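None of the figures in this text is laboratory data; all of them are computed from the coordinates on show. These figures come from a predicted structure and were not determined experimentally. Using ideal geometry, Cβ is built from the backbone for each residue, glycine included, and neighbour counts are taken over all protein chains shown.
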Ligand code: ZN
């Protein structure tokens, strides 16, 4: 059965997610949640990220797809090939924003929990995030462009914030 994605209106999307305890990272339970998140993301046609609350788990975990980096680099293959490609997924556990640029930019966002809608959201152009990976290793990652936007969108999910709260102009299907 495909993994269910929680839709806007579900209270779990509005909770402040709880941190994963250090000893939980790498556990069967957390690995299972990450697997469910990956499966849900792979099953979508245009998703580039997913946060744990979106599969009903109120935990501070999100996944960002390498696809966002490919879009930023302008190295996207033909869209049909891109869909079949097995993108690498970067796992962020207990992420914290280390730095964000004062310079902001508006860009279009969508969300797997708000189907068939898009909106313009103002976000920092660059961001630096510290987190643990799925093996419990601490890392820091700087991001710009779409990848920076994606990280900020996913960080918001962990606070119970949806992009529709911030978008100043919503539109329907692209
Ligand atoms: Zn989202």
Subject >> Convex hull of the chain built on C-alpha atoms - directionally averaged projected area, nm² >> reply: 10.0 nm²
**OP:** Only Cα pairs under 8 Å and at least 6 apart count here; give the relative contact order of region 22-82 as a rounded whole percent.
**Re:** 21 percent
**OP:** Bin all alpha-carbon pair distances of region 28-72 at 5 Å intervals from 0 and give each bin's fraction as a whole percent.
**Re:** 5, 23, 32, 21, 12, 5, 1
**OP:** For region 113-163, list log₁₀ I(q)/I(0) at each q in 0.18, 0.27 Å⁻¹, using the Debye formula over Cα point scatterers of equal strength and ignoring solvent, two decimals each.
**Re:** -0.67, -1.12
Subject >> Percentage relative contact order, the chain, counting C-alpha pairs under 8 Å, at least six apart >> reply: 25 percent
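I need 139, 92 ordered by Cβ neighbour count within 10 Å, fewest first. Please report the intermediate quantities before stating the final value.
Working: 139 11, 92 25.
Ascending number of Cβ neighbours within 10 Å: 139, 92.
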Subject >> Cubic angstrom per residue, convex hull over Cα atoms of region 93-142 >> reply: 86 Å³
